[in-house]
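Sharing a structure with you now.
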Amino acid sequence: MKIITNSEQETFEFAKKLAKKARGGEVYALSGDLGAGKTVFARGFAAGLGIKRNINSPTFVLMKVYPVKKHKTIKHLCHIDAYRLKFARDLAAIGALDYIGKKDCVCLIEWAEKIKKILPKKLKQIKIKHQKENKREISVK
């Protein structure tokens, strides 16, 4: 599926709708250039799970875990940013494998291509292409 969004708000709303389909155990690999909208997507996804906290990219801490309170099966949203990682094992060392692919968790991984070795084979690919100032093409596989 491909969709064109024409503002940050549209990207946010698309991700919010996608989150409502999550049941737990999903791992979303977010890819796109710097500034493409991966973190905006993550904010919308979190909102779709009922998370009210401000969602920022975990670039320097690598991983943030947010409790999900109003969902029957999902208890955590794990947001990972692998941009600064040199080795996939570094992410494993901070406990990410405790969340990735677990049935009560959904993981959003920015720059997932850098840590392919530790990710489950069954991933949902989200590719965000910056086309113009506010225009994005988002493909979901």
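For an R0 of 25 angstrom, estimate the FRET efficiency from the Cβ-Cβ distance between Thr73 and Ile3 and round to the nearest 0.05.
According to the calculation, E is roughly 0.45.
With θ taken as phi - 60° and the coefficients 6.51, -1.76 and 1.60, list the Karplus ³J(HN,Hα) couplings across the range 57-72 in order, rounded to whole Hz; mark glycine and proline as x.
Per residue, the Karplus-derived 3J(HN,Hα) values read 5, x, 3, 8, 9, 6, 8, 10, 10, 10, x, 10, 9, 10, 10, 5 Hz.
Okay, moving on. So how strong a dipole does the range 71-141 carry about its Cα centre when Lys and Arg Cβ are +1 and Asp and Glu Cβ are -1, to the nearest 20 debye?
320 debye
Tell me what the chain gives for mean residue ellipticity at 222 nm when only DSSP H runs of n ≥ 4 count, each as -39,500 (n - 2.57), the sum divided by the residue total, rounded to 500 deg cm²/dmol.
Helix-only estimate at 222 nm: -6000 deg cm²/dmol.
List the pair-distance distribution P(r) of the range 1-64, using every Cα-Cα distance, as the percent of pairs falling in each 10 Å bin from 0 up to the bin containing the longest distance, rounded to whole percents.
Bins of 10 Å from zero give 20, 56, 23, 0 percent of pairs.
Scan the chain and report its longest stretch carrying no chymotrypsin sites (Phe, Trp or Tyr not before Pro) that are both in a DSSP loop and have at most 15 other Cβ atoms within 10 Å.
Value returned for the longest uninterrupted segment is 1-59.
What is the distance in Å between the Cα centres of the range 20-44 and the range 83-128?
Rounded to whole Å, the Cα centres lie 12 Å apart.
Among the GluC sites (Glu not before Pro) within the range 68-141, which fall in a DSSP loop and have no more than 15 other Cβ atoms within 10 Å of their own Cβ?
Answer by residue number: Glu133.
Greater than 22 Å separation of Cα atoms is the criterion. Which listed pairs, Lys21/Lys121; Lys21/Lys127; Lys52/Lys124; Lys16/Lys103; Lys2/Lys103; Lys69/Lys114, meet it?
Those over the limit are Lys52/Lys124; Lys2/Lys103; Lys69/Lys114.
Using a Gaussian network model of the chain with C-alpha springs under 10 Å, which one of Val40, Val61, Val27 is most mobile by mean-square fluctuation?
Val61
Could you tell me the calculated FRET efficiency between Lys129 and Lys17, based on Cβ-Cβ distance and R0 = 22 angstrom, to the nearest 0.05?
Step by step, r from the Cβ atoms, then E = 0.70.
Determine the sum of side-chain charges near Ile118: Lys and Arg each +1, Asp and Glu each -1, restricted to other residues whose C-beta is under 11 angstrom from that of Ile118.
+3
Give a quick list of trypsin sites (Lys or Arg not before Pro) in the range 1-87 that DSSP marks as loop, anything other than H, G, I, E or B, with at most 13 other Cβ atoms within 10 Å.
Of the trypsin sites (Lys or Arg not before Pro), the ones in loops of the range 1-87 whose Cβ has at most 13 other Cβ atoms within 10 Å are Lys20, Lys21, Arg23, Lys52, Arg53, Lys69, Lys70, Lys72, Arg84, Lys86.
Taking the Cα centre of the chain as origin, sum charge times position over the Cβ atoms of Lys and Arg (+1) and Asp and Glu (-1), and report the length of that vector in debye to the nearest 20.
Dipole size: approximately 520 debye.
Along the range 77-83, what does the Karplus equation 6.51 cos²θ - 1.76 cosθ + 1.60 (θ = phi - 60°) give for ³J(HN,Hα), rounded to whole Hz, x for Gly and Pro?
10, 9, 10, 10, 10, 8, 3
Here's something else I'd like to know. Rg and Dmax of the range 25-141, Cα atoms, in Å?
Here Rg and the maximum Cα pair distance are 13.5, 39 Å.
Residue by residue, what Karplus-based ³J(HN,Hα) values in Hz, rounded to whole numbers, does the range 25-42 have, using 6.51, -1.76 and 1.60 with θ = phi - 60° and x for Gly and Pro?
x, 6, 10, 9, 8, 9, 10, x, 4, 4, x, 6, x, 4, 6, 4, 4, 4
Considering only Tyr83, Gly95, Ile55, whose Cα is most displaced toward the positive end of the charge dipole of the chain, charges sitting on Cβ of Lys, Arg (+1) and Asp, Glu (-1)?
Most positive-ward Cα: Gly95.
FYI, it's all coordinate maths here, none of it is from the lab. Just so it is clear, the model here is predicted, and its values are computed rather than measured. No Cβ is skipped: glycine too gets one built from the backbone with ideal geometry, and neighbour counts run over all protein chains shown.
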